[in-house]
Amino acid sequence: MSKHTHAFQAEVARLLHLVTHSLYSNPDIFLRELISNASDACDKLRFEALADASLYEDAPNLEIRVTFDKAAKTLTITDNGIGMSEAEAIEHLGTIAKSGTRDFLQRLSGDQQKDAQLIGQFGVGFYSGFIVADRITVESRRAGLPPEQGVRWSSDGTGAFETETITRAARGTSVILHLRDDKTEYLNRWKLKSIIGKYSDHISLPILMPKEQWDKDKGEYVLLEEWEQVNAASAVWTRPKKDITDEQYIEFYKNLAHDDEAPLAWAHHRVEGSTEYTQLLYIPAKAPYDLWNRDKKAGVKLYVKRVFIMDDAESLMPLYLRWVKGVVDSADLPLNVSRELLQESRDVKAIRDGNTRRVLSMLEELAARDRLPEGEAWEQLSDEEKARAQADAGKYTRFWAEFGAVLKEGLGEDFANRERIAKLLRFASTVSDAPTVSLADYKARMKPGQKAIYYRTAKTLAAAKHSPQLEVFRRKGIEVLLMTDRVDEWALSFLHEFDGTPLQSVAKGAVDLGELQDEAEKKAAEEAAEAFKPVLERLRATLKDRAKDVRVTSRLVESPACLVVDDGEYSLQLARLLKAAGQKAPEVKPILEVNPEHALVKKLADAGERFDDYAQILFDQALLAEGGLPEDPAGYVRRVTALLV
């Protein structure tokens with residue numbers, strides 16, 4: 001049996017160095033990770049055996065065994081799951097996350113607590129063993145292969161690993177940790193049992209350890225050959241809610257999501273009717289690193305009659321809720337369900353709709369409790385209710401900061417729930433820099449006679465706040481919502497009104513404040529437009545290649561000009577975003593609106609030969625205020641310099 005030495009995937013050595021220097025703030029978690037991997041291996045065997053029962057090899061009872069040897073200073077985790085061939089051992093144990101190593105390393109910050117959360121997201125939990133071990137040996141045989149085709153994998157975590165062929169009678173995998181001298185505390189049955197009870201009690205497979213008995217002659221506990229189950233071995237979601245503590249729900253989530261931070265909320269329900277299933281869904285507190293990767297498979301874990309089917313059942317959750325973690329256990333789906341069958345199943349659509357409604361309900365509850373009651377409402381609460389209110393206050397604000405931009409995608413993707421999603425939206429506004437203003441809040445503050453909910457989209461909050469288009473609204477004391485997420489323009493194109501009140505972009509169409517603009521103001525605007533006609537005609541001629549039209553506006557107070565587009569057209573902001581993303585965007589010819597009361601605009605009438613320069617500067621300044629750049633920056637600088645001189 002010859003040994004073969006292999007180099008780890010590039011950059012793995014750096015990761016292993018970080019792991020061995022306590023990447024985890026709590027080293028106990030290595031056992032959770034290795035038991036979780038063992039459980040996954042058994043789940044995979046159970047699933048593959050649906051098509052080929054011979055894979056069980058006359059040993060259908062799946063289990064995980066944990067044992068240790070004080071003399072050899074080894075801790076061993078063994079499963080009788082699917083196992084690995086030599087090629088699979090090289091592939092799975094010699095690379096990290098296959099396609100994610102570089103992303104993983106780029107996201108490491110040096111903050112142990114934050115970095116620890118990344119381990120599970122990239123599938124590198126196996127390497128957590130190097131926190132406590134200076135060498136790891138893995139012995140495995142894939143189910144269905146002959147005993148002579150077992151494999152031994154070994155590494156000290158310094159940049160290379162060895163493999164060799166061995167004879168292994170039992171299918172499955174043994175992970176043997178050769179503990180470092182300062183980690184022998186894990187050669188203690190009570191210690192290991194307590195860790196398993198804390199982190200892995202929910203694992204649905206039995207976790208076995210040798211029983212221990214006091215030996216009077218040796219004056220110490222000795223291990224017996226009799227095995228004892230040390231976990232409850234019942235999946236959390238299969239147990240009655242009344243029997244599960246908040247701590248157990250949180251620990252299950254942490255194991256499921258590989259997250260060290262507790263979730264913001266969860267919902268556990270058994271749904272009965274034409275489609276029967278159990279759902280346990282969680283709202284995380286932090287967004288994953290790849291939240292904006294819409295191509296990444298995401299979704300909840302799917303079980304059928306407690307048999308694991310797949311990790312990322314994206315068909316059970318709409319794409320805009322791809323950040324939700326959890327488990328769905330169906331009583332109706334066929335055990336051999338595939339991704340193709342999931343797409344077509346009527347039961348799957350019912351589960352998906354039920355999951356969507358449940359998540360939106362959780363968000364509505366969080367939003368309703370985001371602010372503490374005030375005055376008499378607070379005083380009427382019991383001490384328990386006050387404590388709950390204080391615990392929940394601010395949770396929805398945290399959620400919105402992490403996931404709000406993705407939730408907005410639902411406006412265009414989920415017509416059936418559009419109104420519910422609209423009520424959950426939060427924005428900054430001209431009265432609040434924090435994104436805490438709901439559409440309902442805005443509507444409650446609308447001026448008497450105001451006919452629309454006004455908003456402004458921009459690249460940054462500063463650009464939105466200082467936009468020239470807001471000047472008349474600021475003077476009139478009309479609140480304007482400020483939207484700075486990339487998705488806003490697209491999402492708002494699907495939301496034309498809220499609770500019967502239309503939404504209106506202040507950068508689209510002619511400004512019409514209706515009853516908020518008195519007759520004198522309207523008459524003055526009409527007279528200014530008439531008096532300014534010759535200048536407008538000349539501006540149209542000069543800017544015919546850049547502006548769709550030039551007109552007098554009443555929306556400007558301090559600025560000389562601004563750019564707008566007609567209702568229904570792409571905004572300049574959206575066109576720029578599409579181009580930046582490499583997508584085809586229509587050429588948008590904006591309308592130049594000028595303020596006839598501004599000194600620079602008045603100067604146009606007497607500009608003479610410099611008229612064209614003034615016109616181009618006026619347009620380019622409006623473009624800059626809009627967040628764009630002049631087509632000819634050097635020409636713009638030259639014209640401004642000439643005027644200054």
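The values are calculated or read from the model by the stated rules, or taken from the named source; none is laboratory data. Please read all numbers here as calculations on a predicted model, not as lab measurements. Glycine also receives a Cβ, built like all others from the backbone with ideal geometry; neighbour counts cover every protein chain displayed.
Points to keep in mind about this one:
- Considering Arg445, Arg420, the condition of being surrounded by fewer than 19 Cβ atoms within 10 Å (Cβ to Cβ) and modelled with pLDDT of 95 or more is satisfied by Arg420 alone.
- Candidates Trp237, Trp266, Trp323, filtered to the one that is in a helix (DSSP H, G or I) and either buried (at least 18 other Cβ atoms within 10 Å of the Cβ) or free of Cβ contacts under 8 Å to residues at least 12 places away in the same chain (or both): Trp237
- Considering only residues in the stretch 66-79 that are in a loop (DSSP other than H, G, I, E, B) and at pLDDT 95 or above, the one that is nearest to the chain's Cα centre (by Cα) turns out to be Lys73.
- Only listed residue being among the hydrophobic types (A, V, I, L, M, F, W, C) and loosely packed, with under 14 Cβ neighbours inside 10 Å, chosen from Phe473, Phe415, Phe494, Phe427: Phe415
- Asp441 part of a strand (DSSP E or B), out of contact with any Ser or Thr (no Cβ under 8 Å at 6 or more places or on another chain) and farther than 18 Å from Leu574 by Cα: no
- The numbered conditions (1) buried (at least 19 other Cβ atoms within 10 Å of the Cβ); (2) more than 23 Å from the chain's Cα centre (by Cα); (3) in a helix (DSSP H, G or I) are all true for Tyr454 except (3).
- Residue check, Val601 at pLDDT below 90, buried (at least 17 other Cβ atoms within 10 Å of the Cβ) and of a type in the set (A, V, I, L, M): yes
- Scanning the stretch 589-645 for residues that are over 24 Å from Ala463 (Cα atoms), in contact (Cβ under 8 Å) with a residue 40 or more places away in the chain and not acidic (Asp, Glu) yields Leu604, Ala605, Phe611.
- Residues in the stretch 224-272 that are in the same structural domain as Ala285 (by TED's automatic domain parsing), over 19 Å from Val300 (Cα atoms) and of a type in the set (Asp, Glu): 4 in all.
- Meets criteria (exposed (fewer than 10 other Cβ atoms within 10 Å of the Cβ) and either over 20 Å from Gly635 (Cβ atoms) or outside the structural domain of Arg456 (by TED's automatic domain parsing) (or both)) for Gly608: no
- Any hit, the stretch 353-365, residues being more than 18 Å from Tyr282 (Cα to Cα) and of a type outside the set (S, T, N, Q): no
- The listed residue being outside any loop (DSSP other than H, G, I, E, B) and charged (D, E, K, R), out of Lys589, Lys602: Lys602
- First in the stretch 533-548 and farther than 15 Å from Val565 by Cα, second anywhere and crowded, with 16+ Cβ neighbours inside 10 Å and not aliphatic (A, V, I, L, M), Cβ under 8 Å, 6 or more apart: Leu536/Arg551; Arg538/Phe611; Arg540/Asp549; Thr542/Phe611; Thr542/Gln616; Leu543/Gln616; Leu543/Phe619
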